[in-house]
């Protein structure tokens, strides 16, 4: 038997993730990798020691499916302090296998065949495939201009009787923009008196710059009552490979999310949850991150100030968009490939996230790297 039989793919148009493509290309060509979003420096040794201690203490079997109680309680404290929203640790928080699983469970729990889900483009590349897997219909709205602002009138006009969910991401990957308080209030008004669920991807909540404040959906009373907020320990604490995140939502929404979570992974790495629970007891571990990453952003931008690239400094995340229109009129995918193969530096072309692959001559660079890595990358950019 050869196995050559027809398969009716559920996602026929889905290609290999651009992150995987560019990282592989970087490896193949020995390039500096500023493409995929992960730090190239170590996790705090204290946090690693806490994981090891949890292992030695015997926390090596399944934890509760919703997550370790002490960790959920620490998350409650954090959100109450930062956003003045009190969630119930027992019924409104679930620890997930990274934020991606939280997003998957939230979409799968609520989106049914024929439901419409509004997605703001450019968008992280798991949103729409998950909507489609569940029979939903992504309704794409392009963010406007090189600064990628939301046209809320267009969002409001896109809402129909079939709209089940709106997905937002702030701070925003890949653009590094953030939603303001005004933005969130407009969204709250749009969703008022509707049954539309807001899925708020806030994995970069602690990476926000220039005295801006993160405007979590949890912070807005009416909005929080219909919101699922997803977060990531991996993005926050420099250990994306640990794949640990969480989501918070009102009890009636979380009840449905937990059904999917239970059938998807059941539970998440036990010793790491124990470690995070203790590590969160020192708020400086996450409150100091904005200054840490803003310093890296500023260093990177200072290194390339004499290059031909143009930019608006990132407002959040650990990504910086650079416009290369003064260097070449090539499309961004071709230029990104050439940058890897000929010059030894990997980035992400932004057009792949846009409607109809709209090309603004921009590449995304991850600056969650050691200072010497950023300096070497900048040397390449300044020679172009």
When the convex hull of the C-alpha atoms of segment 59-281 is computed, what volume per residue in Å³ does it have?
115 Å³
Can you classify segment 189-303 as rounded, prolate or oblate using the Cα gyration tensor, where a ≥ b ≥ c are the square roots of its eigenvalues, rounded means a/c under 1.5, and otherwise it's prolate if a/b beats b/c and oblate if not?
oblate
Length gained if residue 331 through residue 376 is fully extended, taking 0.36 nm per residue and subtracting the Cα-Cα distance, is 13.8 nm
Only Cα pairs under 8 Å and at least 6 apart count here; give the relative contact order of segment 156-272 as a rounded whole percent.
21 percent
Residue separation times 0.36 nm, minus the C-alpha to C-alpha distance between residue 284 and residue 312: what's the value?
7.3 nm
Efficiency by 1/(1 + (r/R0)^6): what FRET value for residue 211 and residue 77, r their Cβ-Cβ distance, R0 = 25 Å, to the nearest 0.05?
0.55
Computed [θ] at 222 nm, deg cm²/dmol, the chain (DSSP H ≥ 4; -39,500 (n - 2.57); rounded to nearest 500)
-11500 deg cm²/dmol
Honestly the chain on the Cα gyration tensor test (a ≥ b ≥ c root eigenvalues; a/c under 1.5 rounded, otherwise a/b vs b/c for prolate or oblate) is just rounded
Run the quick spin-label model on residue 160 and residue 42: label points 7 Å from Cα toward the beta carbon, then report their separation in nm to one decimal.
5.5 nm
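Evaluate the relative contact order of the chain (contact order divided by residue number), counting alpha-carbon pairs under 8 angstrom at least 6 apart; express in whole percent. Could the numbers behind the result be given before it?
Working: 740 pairs, mean separation 96.2, N = 384.
Answer for the chain is 25 percent.
On a full-extension model of 0.36 nm per residue, what is the gain between residue 151 and residue 355, subtracting their alpha-carbon distance, rounded to one decimal in nm?
Going from the current span to full extension adds 71.9 nm.
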Can you bin segment 111-170 into rounded, prolate or oblate? Criterion: square roots of the alpha carbon gyration tensor eigenvalues sorted a ≥ b ≥ c, rounded for a/c under 1.5, prolate for a/b above b/c, oblate for the rest.
oblate
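Coordinate-derived values only; no laboratory data. Keep in mind the model is a prediction, meaning the values are calculated, not measured. Here the Cβ is made from the backbone with ideal geometry for all residues, glycine too, and neighbour counts use every protein chain on show.
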